[in-house]
1. Quick check: net charge around VAL122, other residues with Cβ under 12 Å of its Cβ, Lys/Arg +1 and Asp/Glu -1?
2. Among the listed pairs LYS62/LYS127; LYS47/LYS125; LYS47/LYS129, give every one whose C-alpha distance is greater than 20 Å.
Amino acid sequence: MHTMKFSLLLLTILALGFTAGCGGRGARPINTQDGDADRVELLGSRKVDFKADHDVILVTLKEGTFHALRVEVEGSELEMWDIDVFFSNGGHQDFNTRVHFAEGSWSRRLDLRGGARGIKKVTFKYKSKKPRTGKATVKLYGIH
């Protein structure tokens, strides 16, 4: 009986620690933003340096198909002015927008036209908002 109480106490402590760690800095986890209850998957990430830059995150069909995307920025402020999604079937969707990310922030949900789609790659154009000190990490999430 004593062992069972200890096990329950240990499980409770572990569960509270895991819950407190989700989302970081008091923010809601990325899969609960804008009411997203769908499964969210990290598709890749890239480091941003001091100057204007562009990058590509390659995605394969083994990751599945997605209805939407979301971008997260960690480590520094960042300005992003273009997100291009290239689909497995050869199609393309351009999110031509200027987004200013605070450190630790997420983009809005970027819905993909045509329902669930296989993604070949996603390209970004961006620059750090804090030259000389601001290395940021851009993370791309797919929403199934």
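Coordinate-derived values only; no laboratory data. Keep in mind that this is a model prediction, so the values were computed, not measured. Please note: Cβ atoms are built from the backbone with ideal geometry, for glycine as well, and neighbour counts cover all protein chains shown.
1. My count for the surroundings of VAL122 gives +2.
2. LYS62/LYS127
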